[in-house]
Every structure is written in C-alpha cells, then in structure tokens.
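Let me begin by presenting the structure, written as structure tokens, before commenting on it.
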Amino acid sequence: MLWTSRNTAAQEKQKEEYDSRMKKGVRAFHIESGISVLKMNMRNETRKGGKTEPKWTGPYK
C-alpha cells in the first residue's frame, strides 16, 4: 500500500528529528551524596517580571 510506506517514512523522519533534538538538550550528570549543587529557579521562566530574583537556589547537599 502506498499510504503505509508514506506513513512509515514520515514516522521515521519524525523519530530522527526528535532524537536529534533530545541529544542536544539532554545531559547526564553524576551526582553523589555530599556534593553541593545549585537548583535552577524555573518559576522565573514563566512569570512576568521577577528580573531581580535569583536564577539559582541552593546550595543543596
């Protein structure tokens, strides 16, 4: 069938694009106990204003 081959090709293309975007944005971190880390304050991203609030909170252990 013609539509199944087109559907399969479209799905493969979408998967390749999705995988390429995920490779760029996903990072693996090895966090062990006892290490100090900072947490990004995501509330600033969606709120209007808040430019003077800190971008990071912490340090957390």
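Phi angles across segment 11-22 convert, under the Karplus curve 6.51 cos²θ - 1.76 cosθ + 1.60 with θ = phi - 60°, into 3J(HN,Hα) values of 5, 5, 5, 5, 5, 4, 5, 5, 5, 5, 5, 5 Hz, Gly and Pro given as x.
Could you calculate the FRET efficiency of S36 with T8 from 1/(1 + (r/R0)^6), where r is the beta carbon distance between them and R0 is 35 Å, rounded to 0.05? Working shown, then result.
On the way: r = 49 Å, r/R0 = 1.40.
According to the calculation, E is roughly 0.10.
Of the chymotrypsin sites (Phe, Trp or Tyr not before Pro) found in the chain, the ones in coil according to DSSP and having at most 12 other Cβ atoms within 10 Å of their Cβ are F29. The orientation-averaged projected area of the convex hull spanned by the Cα atoms of the chain comes to 7.4 nm². For K55, the lysines whose Cα comes closer than 24 Å to its Cα, not counting residues fewer than 8 places off in the same chain, are K24, K39.
Determine the dipole magnitude for the chain: charges of +1 sit on the beta-carbon of Lys and Arg, -1 on that of Asp and Glu, nothing else is charged, the reference point is the Cα centre, and the result goes in debye to the nearest 20. Please list the in-between numbers first.
Values: 14 positive and 7 negative charges, 65 e Å.
The calculated dipole for the chain is roughly 320 debye.
Values in this text are rule-based calculations from the coordinates and carry no lab data. Please read all numbers here as calculations on a predicted model, not as lab measurements. Please note: Cβ atoms are built from the backbone with ideal geometry, for glycine as well, and neighbour counts cover all protein chains shown.
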